[in-house]
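Novice: This is the structure I want to talk about, given as structure tokens.
The values are calculated or read from the model by the stated rules, or taken from the named source; none is laboratory data. Fair warning: this is a prediction, and the values are worked out from it, not measured in the lab. Here Cβ is always computed from backbone atoms with ideal geometry, including for glycine, and neighbour counts include all displayed protein chains. Surface areas here come from the heavy atoms of the whole protein model, side chains and all, with no ligands, DNA or RNA. Shrake-Rupley method; radii C 1.70, N 1.55, O 1.52, S 1.80 Å.
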Amino acid sequence: MTTIIGLTGGIASGKSTILNFIKRRKLPTHDSDFVVTNLYKNHSKEFISLLENIGLKKSIKLKKINKKIVKELVLNNRRKLKMLEKFVHQKVKLSRDRFIFKNKNLNKKLIILDIPLLFEKKLERICDYVLFANCPHKTRIVRALRRKNVNKKNLKQIIKLQISDNIKKNKSDFVINTAASKDYTYTQTLKALKKIKKLKNL
């Protein structure tokens, strides 16, 4: 039987650091952010058509999608955001379902689903355990503002759309502190994985 671990955390919480560590340990992982990035990079006619139909035509230039413009337009328009999210989440779900089906057929003991909006979309119900990447709000803001295409206004809007960290912590099985060194984060992640394996007799 395959044990499913959900990995989540808010923007700039250190979730990618945990995921990359898990990948290096050769455990099967599904990366939602990677699927979304691919969706924009190798876009389909269906995606272009959706953007045009919901009034995001100005984000398309020379057959390329400017993700920054998309973000700016939808964060200020709830209706457009919901329509875009519906399309994107359907594509991510399709990829995730295929990943789970494939690895169950391969009799993999442990698989990891990296889902940024795990609790917001109530996807904890498909997981046996949830790991939550946690660090102080101020640290997350500093980290996020170092990224390309992130400004204070957009960052506040993104955080506002997400469930609070306190609620996520209470709903998670393991809270990984990512505020200290990467080595400390790795140690906690390894402990959590070992405990899960012990609990499931893997």
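Novice: List the trypsin sites (Lys or Arg not before Pro) within segment 58-99 that DSSP assigns to loop and that have no more than 10 neighbouring Cβ atoms inside 10 Å.
Specialist: Here the sparse-neighbourhood loop sites are Lys63.
Novice: What whole number of Å gives the distance from the Cα centroid of segment 115-155 to the Cα centroid of segment 32-70?
Specialist: 22
Novice: Using a 1.4 angstrom probe with every protein chain in place, what is the largest-first accessible-area order of Lys109, Lys168?
Specialist: Per-residue accessible area, sorted high to low, gives Lys109, Lys168.
Novice: Let me ask something else about it. If I histogram all Cα-Cα distances within segment 57-101 using bins 10 Å wide from 0, what percent of pairs lands in each bin?
Specialist: Result, from short to long distances: 25, 41, 27, 7 percent.
Novice: Also, I was wondering about something else. Which value, in debye to the nearest 20, gives the size of the charge dipole of the chain about its Cα centre, when Lys and Arg are +1 and Asp and Glu are -1 at the Cβ?
Specialist: 400
Novice: In addition: Leaving ligands, DNA and RNA out of it, report the carbon-plus-sulfur percent of the accessible area of the chain at a 1.4 Å probe.
Specialist: 52
Novice: Now for a separate question. From the residues Phe119, Ser181, Leu73, which one has its Cα farthest along the dipole of the chain in the positive direction, the dipole being from +1 and -1 charges on Cβ of Lys/Arg and Asp/Glu about the Cα centre?
Specialist: So the residue we want is Leu73.
Novice: Continuing with the same structure: So with the 1.4 Å probe, I'd like the accessible area per residue for the chain, rounded to whole Å².
Specialist: 61
Novice: Sticking with this one: Kindly report, to the nearest 10 Å², the accessible surface of His30 as traced by a 1.4 Å probe over protein heavy atoms only.
Specialist: Accessible area, nearest 10 Å²: 10 Å².
Novice: Select from Leu145, His30, Ile100 the residue farthest towards the positive end of the dipole of the chain; place +1 on Cβ of Lys and Arg, -1 on Cβ of Asp and Glu, and compute about the Cα centre.
Specialist: It is Leu145, whose Cα lies furthest towards the positive end.
Novice: How much space per residue, in cubic angstrom, does the convex hull of the C-alpha atoms of segment 52-202 take up?
Specialist: Output value, Cα hull per residue: 152 Å³.
Novice: At each listed q (0.14, 0.28 Å⁻¹), what is the log10 of I(q)/I(0) that the Debye formula gives for segment 88-134 modelled as equal alpha-carbon point scatterers?
Specialist: Results for segment 88-134 at q = 0.14, 0.28 Å⁻¹ read -0.36, -1.23.
Novice: Next up: If every alpha-carbon in segment 13-108 counts as one equal scatterer, what log10 I(q)/I(0) does Debye give at q = 0.19 1/Å?
Specialist: For segment 13-108, the Cα-only Debye profile gives -0.96.
Novice: Accessible surface of Asp33 in the full protein assembly, 1.4 angstrom probe, to the nearest 10 Å²?
Specialist: Approximately 70 Å² of Asp33 is accessible to the 1.4 Å probe.
Novice: Still on this structure: Given a 1.4 Å probe and heavy atoms of the protein chains only, how would you sort Met83, Met1, largest accessible area at the top?
Specialist: These residues rank, largest area first, as Met1, Met83.
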